[in-house]
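Structure record follows, encoded as structure tokens.
The values are calculated or read from the model by the stated rules, or taken from the named source; none is laboratory data. Quantities reported herein were computed from a predicted structural model and do not represent experimental measurements. Here Cβ is always computed from backbone atoms with ideal geometry, including for glycine, and neighbour counts include all displayed protein chains. SASA here: full protein model, heavy atoms, side chains in, ligands and nucleic acids out. Shrake-Rupley method; radii C 1.70, N 1.55, O 1.52, S 1.80 Å.
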Amino acid sequence: MGNEVHDDGDAALKSHLHRAFDGQIPNYGSYNLVYAAGRAGAGGAFVVGFRRQPMEIVVAPLHPRTLAALEPAVAINLTNLSHLAEVRAGGHEVGTSTGRVFRFGVDGTPTVDAPAAVSTAAGGRVRLDQELDALDFRDFMDEFMTMLDGFDGGGPGSAGGGHPSGDGERRG
């Protein structure tokens, strides 16, 4: 019973995730948001905010049971970006100059273990519809990587070589 997937909790879950993000970011209205799940040992859940002007990603880690803010959100932009990568299986990796690295995937219709406060059934799973936002996020990441390639010079001998490394990663 607790493993049933509900489609009717989408709006309540989105509202809950917005509160977890909005409570930490003063100008939260300028970001598009997606739910992201940790990958490749990173684990966890995140709300990822992104905006194109200025180009920035904000990663807000979530508590696994309550989906409330787990720790302060991390803003990543051109001032503190160490690397930005598209990794195998459609995931993304974003790192800061202080050594913080986030590896996550953004699916169009993830199934999320929703807290009782937002689920139609306690302990239920909610199918989150974020297909358009997930596509927008992939486009954003492509734009961000292309912009970084432009800074790099994009040619042989430049800092990152201007193309993905063997592991599918582009470096900033």
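Annotations for the structure displayed:
- With the simple spin-label model, which puts each label point 7 Å out from Cα in the Cβ direction, the T111 to L132 separation comes to 2.6 nm.
- Area of T79 that stays accessible when all protein chains are in place (1.4 Å probe, Å², to 10): 120
- Stretching N77 away from T146 to a fully extended chain increases their span by 23.4 nm, per 0.36 nm per residue minus the current alpha-carbon distance.
- Rg/Rh ratio calculated on Cα atoms of segment 25-79 (Kirkwood radius): 0.98
- Rough spin-label spacing in nm, given labels placed 7 Å along Cα→Cβ, for S15 and V87: 3.5
- Paramagnetic label zone (point 7 Å from Cα along Cα-to-C-beta, M55; backbone N under 19 Å) in segment 95-115: 95-98, 102
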